[in-house]
Amino acid sequence: MLKMLLFAALLFGVYYIFFRKVSLTPPASSDTSPEEMVPCAKCGTYVQFKETLTREGKHYCSRECMEG
């Protein structure tokens, strides 16, 4: 009988440790604003605006696309 009680206590402890941590974890912060995505003028791949290369008002994803 004592073994069963110890086993039940162990199971409860494991359950409590794992699921308590999940519930105490703060939700992911949504402070980041979405970035504007623009298509590459040559290949059409969408890239974040701040990462594009610009020439003559057109946005490119890489030097290869810009020079090609």
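For a quick protection proxy, order the peptides 47-58, 3-14 by their average other-Cβ count within 10 Å, most packed first.
Per-residue Cβ counts within 10 Å, averaged per peptide and sorted highest first, yield 47-58, 3-14.
For the pair GLU67 and TYR15, how long in nm is the line joining their label points, each one 7 Å along Cα→Cβ?
Distance between the two pseudo-spin positions: 6.4 nm.
Need one number: nm distance between label points at CYS43 and GLU56, each 7 Å from Cα along Cα→Cβ, rounded to one decimal.
Distance between label points: 2.1 nm.
Laboratory data are not the source of any read-out in this text; all were calculated from the coordinates shown. Model, not experiment: these values are computed from the prediction. Note that we place each Cβ from the backbone using ideal geometry, even for glycine, and neighbour counts take in every protein chain shown.
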